[in-house]
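Peer 1: There's a structure below that I have some questions on.
The values are calculated or read from the model by the stated rules, or taken from the named source; none is laboratory data. All values reported here derive from a predicted model rather than from experimental measurement. So basically every Cβ, Gly included, is an ideal-geometry build from the backbone, and we count neighbours across all protein chains shown.
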Amino acid sequence: MAEMFSKVMLGTVQFGMKYGVANTTGKPSGEAVREILKEAFDNGVTALDTAPEYGDSEEVIGRALRELGLTGKFRIVTKIPRLPKEGDPEVFIRDSLRGSLKRLGVEVIDGALFHQEADGIHLPLLKKMCAEGLIRCAGISLNTEAFRDAGEEADCLQIPCSLLDHRFDRCFGKAGRHCFVRGAYLQGMLLMPEEGIFIPEIRERRRKLEALGMPMAELALRYLFGKPGSKSILTGVENLAQLRENLRISRMAPLSAEEVAEIDKIVFPPLEELLVSPWMWKKYKEIHHIS
């Protein structure tokens, strides 16, 4: 499965909506999306991550690939929205995939993930879609430690992981399973000006990492490339310049095992989930009365 997906995966939530704590430019134009996809393809990035819940991201991708003549050239991973409490889950899953296929303009989806980790109990139904020829692999997008072991039978997983987020490290390395790793920059917080970082523990550890003398974006990506296991590093971009910087770093050698171990001395023990999960930052702000 590893050969299906390039080592860099392009996140496309920004194509459908303004996303990210560090996003200052909003949703890119159709022309900008075409430029990003063309540049990515020309540089060996052939894996895309999207979802029906990312605004009109799937439609934008489908239209851009058609206009570029690149339909069928990318390996696309999309998601199944939260399953309703009522109704037949198999029918919902199949209808969701058929909708994604139509919007993306492709004949088969390379990977499908449950967007809500609790829906992972229906993984056998999603795997059934592989046999029906709608998808090539089935998995779950994991978000919280409570579901860390939910993907044992998954073909693929999307997991958050970064210099400071180690909740799902144990998911790496299982034979036959590919991991899509999101959150390399901690939704942009690792790259923000220090005054914009509202979590003191993250500010403190970033200062220690900066003392290593390597640019933070380079350190963050090369660290993840240096971790073992079959994986693609998912990076979302808002413009061509961000993509080119990620591509530049991806051509560099991964950090060595010795360098990874040196960093681990700084970042371990891991910070608690409330601090490193963007999903929980609203709760963190409420607890600490941050506007």
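Peer 1: All but one of (1) under 25 Å from Glu204 (Cα atoms); (2) touching a His at 6+ places or on another chain (Cβ under 9 Å) hold for Glu259; which doesn't?
Peer 2: (2)
Peer 1: Take the residues of segment 75-102 that are out of contact with any Lys or Arg (no Cβ under 9 Å at 6 or more places or on another chain), buried (at least 19 other Cβ atoms within 10 Å of the Cβ) and touching a residue at least 40 places away in the same chain (Cβ under 8 Å): which is nearest to Cys179 (Cα to Cα)?
Peer 2: Going through the qualifying residues, I end up with Val77.
Peer 1: Any residue that is closer than 30 Å to Glu3 by Cβ, among the β-branched types (Val, Ile, Thr) and crowded, with 16+ Cβ neighbours inside 10 Å - is there at least one of those in segment 153-160?
Peer 2: Yes, there is a match, as at least one residue in segment 153-160 is closer than 30 Å to Glu3 by Cβ, among the β-branched types (Val, Ile, Thr) and crowded, with 16+ Cβ neighbours inside 10 Å.
Peer 1: Take the conditions β-branched (Val, Ile, Thr), at pLDDT 95 or above and in a helix (DSSP H, G or I) and apply them to Ile140. Does it pass?
Peer 2: Taking the combined requirement at face value, the residue does not satisfy it.
Peer 1: Looking only at segment 209-231, decide whether some residue is more than 30 Å from Asn43 (Cα to Cα) and of a type outside the set (Val, Ile, Thr).
Peer 2: Yes, segment 209-231 has at least one match.
Peer 1: Could you tell me whether segment 141-150 includes any residue that is free of Cβ contacts under 8 Å to residues at least 12 places away in the same chain and under 22 Å from Gly176 (Cβ atoms)?
Peer 2: Within segment 141-150, one or more residues are free of Cβ contacts under 8 Å to residues at least 12 places away in the same chain and under 22 Å from Gly176 (Cβ atoms).
Peer 1: Still on this structure, I have one more. Starting from residues that are at pLDDT below 95, within 16 Å of the chain's Cα centre (by Cα) and not in a loop (DSSP other than H, G, I, E, B), keep the ones in segment 157-178 and report whichever is farthest from Ile76 (Cα to Cα).
Peer 2: Out of the qualifying residues, it is Asp169.
Peer 1: If Leu65 satisfies all but one of (1) over 18 Å from the mean Cα position of the chain (by Cα); (2) farther than 18 Å from Phe41 by Cα; (3) surrounded by 19 or more Cβ atoms within 10 Å (Cβ to Cβ), what's the number of the condition it fails?
Peer 2: Status for Leu65: all satisfied but (2).
Peer 1: So, in segment 109-138, exactly how many residues are closer than 22 Å to Phe74 by Cβ, under 18 Å from the mean Cα position of the chain (by Cα) and not β-branched (Val, Ile, Thr)?
Peer 2: 8
Peer 1: I've got another one for you. What tally of residues in segment 151-190 results from selecting those that are aliphatic (A, V, I, L, M) and either closer than 28 Å to Leu125 by Cβ or without any contact (Cβ under 8 Å) to a residue 60 or more places away in the chain (or both)?
Peer 2: Looking only at that region, the number is 7.
Peer 1: Follow-up. As an exercise: evaluate Gly120 against (1) of a type outside the set (Phe, Trp, Tyr); (2) in a helix (DSSP H, G or I); (3) at pLDDT below 95 and give the number of the one condition it does not meet.
Peer 2: For Gly120, the failing item is (3).
Peer 1: Could I ask something else about it? Kindly indicate the residue of segment 258-277 that is outside any loop (DSSP other than H, G, I, E, B) and among the hydrophobic types (A, V, I, L, M, F, W, C) and also farthest from Gly226 (Cα to Cα) among those meeting that condition.
Peer 2: Selected residue: Leu274.
Peer 1: So Leu186 passes all but one of these: (1) of a type in the set (A, V, I, L, M); (2) out of contact with any Ser or Thr (no Cβ under 7 Å at 6 or more places or on another chain); (3) under 22 Å from Arg148 (Cβ atoms). Which condition number does it fail?
Peer 2: (2)
Peer 1: Are there any helices (runs of 4 or more DSSP H) wholly within segment 7-112 with 2 or more residues that are over 30 Å from Gly196 (Cβ atoms) and modelled with pLDDT of 95 or more, and if so which?
Peer 2: Answer list for segment 7-112: 30-42, 57-68, 89-104.
Peer 1: Can you tell me which residues in segment 233-257 are in contact (Cβ under 8 Å) with a residue 40 or more places away in the chain, of a type outside the set (D, E, K, R) and assigned to a loop (DSSP other than H, G, I, E, B)?
Peer 2: Val237, Asn239
Peer 1: What's the number of the only condition in (1) of a type outside the set (Phe, Trp, Tyr); (2) under 16 Å from the mean Cα position of the chain (by Cα); (3) on the phi < 0 side of the Ramachandran plot; (4) crowded, with 17+ Cβ neighbours inside 10 Å that Gly183 fails to meet?
Peer 2: Unmet condition: (3).
Peer 1: Turning to a different aspect of this structure: Assess whether Ala47 counts as being among the hydrophobic types (A, V, I, L, M, F, W, C), surrounded by 15 or more Cβ atoms within 10 Å (Cβ to Cβ), under 26 Å from Gly133 (Cα atoms) and touching a Gly at 6+ places or on another chain (Cβ under 8 Å).
Peer 2: no
Peer 1: Something else about it: Any residue at all in segment 211-225 that is basic (Lys, Arg), more than 21 Å from Leu48 (Cβ to Cβ) and assigned to a helix (DSSP H, G or I)?
Peer 2: Yes, segment 211-225 contains a residue that is basic (Lys, Arg), more than 21 Å from Leu48 (Cβ to Cβ) and assigned to a helix (DSSP H, G or I).
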